[in-house]
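One structure below.
The values are calculated or read from the model by the stated rules, or taken from the named source; none is laboratory data. Keep in mind the model is a prediction, meaning the values are calculated, not measured. Glycine also receives a Cβ, built like all others from the backbone with ideal geometry; neighbour counts cover every protein chain displayed.
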Amino acid sequence: MGLDFSEILVVGVSSRALFDLEEENEVFRTHGIAGFRKYQLQHENEVLNPGTAFHLIQSLLQLNNQASKQIIEVVVMSRNSPETGVRVLKSIKEYNLPITRAAFSGGDDLAPFIDAYDVDLFLSRDEKDVQWVIDNTNCAAALIYNPPKDFNPEKNRVKFAFDADAVVFSGESEQIYKEQGIDAFHKNEEENEDVPLKDGPFAELLRKLSKIQEHLPMTIELTPLRIAIVTARNAPSHMRVIKTLRHWGVYVDEAYFMGGLSKDKVLKAFGAHIFFDDQDTHLASSSQFVPSGKVPYKSDSPLKKYEKKKEANG
């Protein structure tokens, strides 16, 4: 009988997001599959160093020990062949990570396997894979940045931090801000304060996190799974965020309305195991302090077109 995944958070993590495989990736790029295969076999018994998503995955899996039932499942997803993936599997065992599922695609794209494994959140260093997942599935997906230098997370809790617009919520309000400026944005949010914001690419993930919190033994205020919204919004546009989450029945532990201030210090103080944002400007600084992932816009969205235009103008 198959597991019921409706109350289990399934995280698909690429081997490059879980472990530091940048050197190996460079070998693959310069020497091709034959050189990479030779390199992996030579180094097969060397344990890999943690990658950007390692601490998040390690802490998430520990939640199963505290919960009344299994609430977390992790699938390691790799373009390696099973043979060259042995080093990844040995490292998983060495770190005592209770991961039992793996997908080794032998060079093929990983993205199409998202639905096969019931993945809710996909973390990868491959931009193409992440974009495909965002465009073609309902799975939350993020492009993982390099790991922060001196990151020392809490061991007994897991802390997720999310940007609001175009991540948890749709990008409609952000589009107004980009096209018409801050005053029009605030006016729109005030006028629509009681109209819930539409779902963004991470809305379902947030609902699922809120749902699995119910299976943890302590009261919601003391939960080992903490959720924070860290957004550039400030008064008067903050009320719509709070009311939307209430409408969804989602309990968020913390919310920080930055009003244009840099997010990095708040994220460092919060101690996020992972922070998700849609804008490189925020992520460039946040990724220095906490593990961070970029949430791409759908390829056909107006925000994607705006982003491309900005890049072209440099």
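Only residues that are crowded, with 17+ Cβ neighbours inside 10 Å and farther than 29 Å from Arg226 by Cβ were counted across region 158-185, and they come to 2. Only one of the numbered conditions (1) on the phi > 0 side of the Ramachandran plot; (2) under 23 Å from the mean Cα position of the chain (by Cα) is violated by Gly32, and that is (2).
Yes/no matrix, rows are residues, columns are (1) among the hydroxyl-bearing types (Ser, Thr, Tyr); (2) closer than 25 Å to Tyr251 by Cα; (3) in the same structural domain as Val74 (by TED's automatic domain parsing); (4) in a strand (DSSP E or B):
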residue: Gly107; (1), (2), (3), (4): no, no, yes, no
residue: Asp129; (1), (2), (3), (4): no, no, yes, no
residue: Asn152; (1), (2), (3), (4): no, no, no, no
residue: Glu174; (1), (2), (3), (4): no, yes, no, no
residue: Tyr177; (1), (2), (3), (4): yes, no, no, no
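Identify all residues within region 206-233 that are in a helix (DSSP H, G or I) and among the acidic types (Asp, Glu); write none if there are none. Selection gives Glu221 alone. The set of residues in region 244-255 that are surrounded by 16 or more Cβ atoms within 10 Å (Cβ to Cβ) and of a type outside the set (A, V, I, L, M, F, W, C) comprises Thr244, Asp253. In region 234-314, counting only helices (runs of 4 or more DSSP H) that sit wholly within it, the ones holding 1 or more residues that are under 24 Å from Ile144 (Cβ atoms) and not acidic (Asp, Glu) span 264-270, 280-286, 302-313.
Residue by residue, here is whether (1) out of contact with any strand residue (DSSP E or B) (no Cβ under 7 Å at 6 or more places or on another chain); (2) β-branched (Val, Ile, Thr); (3) modelled with pLDDT of 95 or more; (4) more than 29 Å from Leu3 (Cβ to Cβ) holds:
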| position | (1), (2), (3), (4) |
| --- | --- |
| Val119 | no, yes, yes, no |
| Leu123 | no, no, yes, no |
| Asp126 | no, no, no, no |
| Ile134 | no, yes, yes, no |
| Asn138 | yes, no, no, no |
| Ile144 | no, yes, yes, no |
| Lys149 | yes, no, no, yes |
| Arg157 | no, no, no, no |
| Asp163 | no, no, yes, yes |
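Among the criteria (1) surrounded by 13 or more Cβ atoms within 10 Å (Cβ to Cβ); (2) closer than 22 Å to Ala161 by Cα; (3) not basic (Lys, Arg), the one Ala103 does not fulfil is (2). If you check Ser81, Ser91, which single one turns out to be part of a helix (DSSP H, G or I), over 21 Å from the mean Cα position of the chain (by Cα) and of a type in the set (Ser, Thr, Tyr)? Just one listed residue meets the conditions, Ser91.
Residue count for region 215-243 under the criterion of being over 21 Å from the mean Cα position of the chain (by Cα), surrounded by fewer than 22 Cβ atoms within 10 Å (Cβ to Cβ) and of a type outside the set (Gly, Ala, Ser): the result is 14. For region 90-149, name all the residues that are basic (Lys, Arg) and closer than 23 Å to Asn64 by Cβ. Residues satisfying the conditions are Lys90, Lys93, Arg101.
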